[in-house]
Each structure stands twice: as structure tokens, then as C-alpha cells.
Amino acid sequence: MRTFVLLMCLAVGCLAQVPHPCRSPPLLTGALSVANEKFYANAKYTYDAMLKRIRFKEIGSYENKTFGIDALLLFREGVMYTINHRNKTCKKERLKREDFHPMKIPADAALLGQVILGSSSGPGQGLLVNTWYGEVATPSGKEKDKWMSTFTEFGCIPVSSTYYTDKTGWILTTFFNIVVGIMDPQEFFPPKFCQGTELDETAEAADFYSIFKNLTKYS
């Protein structure tokens with residue numbers, strides 16, 4: 001009983017502390033779900049903030065049609081591979097280097113609140129999280145994108161995020177089954193059948209949301 005009371009006192013003490021913006025570990029492996037009004041997808045991802053690269057392997061639904069996407073985003077090189085394992089083909093596009101956004105809470109974010117997901121009635125029954133809000137100026141400067149993110153108090157692990165742009169509307173991302181570290185470094189290298197794929201220099205440079213464009217062609 002004394003141990004339980006001590007744990008509750010510690011929890012109250014933690015809740016009394018003012019949360020601060022944080023940065024997630026630079027190497028993460030996990031899963032996520034992404035959804036807006038038109039599509040829903042589950043994905044496994046590998047994230048490397050140090051070398052600015054992300055691998056997504058997704059299965060989802062877009063306008064009642066299923067699709068599968070394997071995308072490798074290499075922001076430092078400015079290249080994105082869209083990989084089709086069924087046909088053994090690759091598409092190699094230019095990628096906007098400045099569009100890499102590390103998993104973190106910016107210093108100018110506004111704290112909406114700190115809560116416990118689940119229950120605080122006993123040890124291990126709840127998760128202490130902080131929810132933040134912010135805006136990002138668009139290149140045109142005429143409007144601002146909006147976001148709201150929830151991260152764990154301890155470890156700064158992402159739990160969920162909503163992001164709004166005029167182009168995509170609201171996109172909800174939920175993170176789960178996260179492991180700190182890279183399970184398979186080979187995830188950041190395109191398969192052998194992608195060797196020799198020429199970069200399309202004439203097409204507009206892709207951004208992060210290009211993964212979700214024209215999803216019907218992957219169905």
C-alpha cells in the first residue's frame with residue numbers, strides 16, 4: 001500500500017511540472033495509421049532523423065479501392081523512390097529537401113494540456129502525454145498550415161498528430177508499436193531492380209504528401 005501511495009505521489013509531482021517542447025529519438029521503427037476524408041492507410045515505417053530518410057510500406061483504401069505503396073524518401077539526396085514489387089519497377093522523383101520535418105515539438109508551440117491516457121488508478125494503467133498546437137507559414141505567406149500533436153511526457157514518443165493544409169485538408173496520423181532504433185538498416189536502400197532507374201528531372205519536385213497523390217494507380 002505504501003508503494004502504491006508513493007507511486008501516486010510521484011505521478012502527481014510529474015503532473016505538476018510544466019511540460020517543455022521536446023524532440024523524439026532520432027532513430028525509430030514502428031507503425032502508423034493515416035486518414036482523411038478520402039483515404040485510410042496503415043503503414044510500417046523506419047525513421048532516421050540524422051540522415052533525413054524515411055521508408056514507408058503502406059496498405060490502405062482510397063475511394064473504396066485498396067492500394068499498396070512502398071516509398072523510400074531520401075531528403076538529403078533529394079530523391080524519392082516509389083517501389084512496385086509486383087511489377088519489379090521503380091519511379092524515381094525529385095524530392096524537396098526542405099520538406100523533412102523531424103519528429104519534435106517546436107519551441108514556439110502552444111501547450112494545450114497534459115493528460116493521462118487510460119487510468120491513473122494504478123501503476124501501468126495510464127500514459128502521461130502532452131498535446132501541443134502550432135501553425136506553419138506556407139511558401140506563399142498568404143495562409144498558414146495548422147497542426148496539433150500529442151507526445152509522451154517521458155521519451156518524447158509521438159502518439160498522434162493532426163495536420164491541415166489547403167491541399168490535403170485535415171490528416172490524422174496515429175503512431176503505435178514504436179521501437180527506439182533501426183531494426184533493419186537495409187530499409188533505407190532501394191531494391192536491386194531499382195538500379196538504373198533514371199531521375200525524372202522535368203517533373204515537379206515531390207513533397208511528403210506526394211505519397212498520397214494519385215493513389216488509384218496503386219490499387
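The values are calculated or read from the model by the stated rules, or taken from the named source; none is laboratory data. Everything quoted here is computed from the prediction, not taken from an experiment. Quick reminder, even Gly has a Cβ in these numbers, built from the backbone with ideal geometry, and neighbours come from all protein chains shown. Accessible surface areas use protein heavy atoms only, side chains included; no ligands, DNA or RNA. Shrake-Rupley method; radii C 1.70, N 1.55, O 1.52, S 1.80 Å.
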### Query
Any idea how far apart Thr165 and Ala137 come out in nm if each label point goes 7 Å out from Cα toward Cβ?
1.8 nm
### Query
Leaving out ligands, DNA and RNA but keeping every protein chain, what accessible area does His85 have, in Å² rounded to the nearest 10, with a 1.4 Å probe?
90 Å²
### Efficiency of FRET from Cβ geometry, Glu37 and Ser121, R₀ 35 Å, rounded to 0.05
0.40
### Task
Could you work out how far apart the two model spin labels at Lys144 and Gln17 are, taking each label as a point 7 Å from the Cα in the direction of the beta carbon, and quote it in nm?
2.9 nm
### Distant-in-sequence amide H partners of Glu153 (H built 1.01 Å from N, under 5 Å)
Leu128, Val129, Asn130
### Query
Taking a point 7 angstrom from the Cα of Leu111 along the C-beta vector, which residues in segment 16-53 have backbone N less than 18 Å away?
16-24
### Task
Report the residues of segment 67-82 in range of a label on Glu201: point 7 Å along Cα→C-beta, backbone N strictly under 18 Å from it.
77-80
### Query
How much length is gained if the chain between Arg97 and Phe154 is pulled fully straight, taking 0.36 nm per residue apart and subtracting their Cα-Cα distance, in nm to one decimal?
17.5 nm
### Task
Order the following by accessible area, largest value first: Glu58, Glu77. Probe radius 1.4 Å; ligands, DNA and RNA are ignored.
Glu77, Glu58
#### Entry: Cross-link partners of Lys52 among aspartates and glutamates (Cα-Cα below 12 Å; sequence separation of 8 or more within a chain)
Glu77, Glu98, Asp99
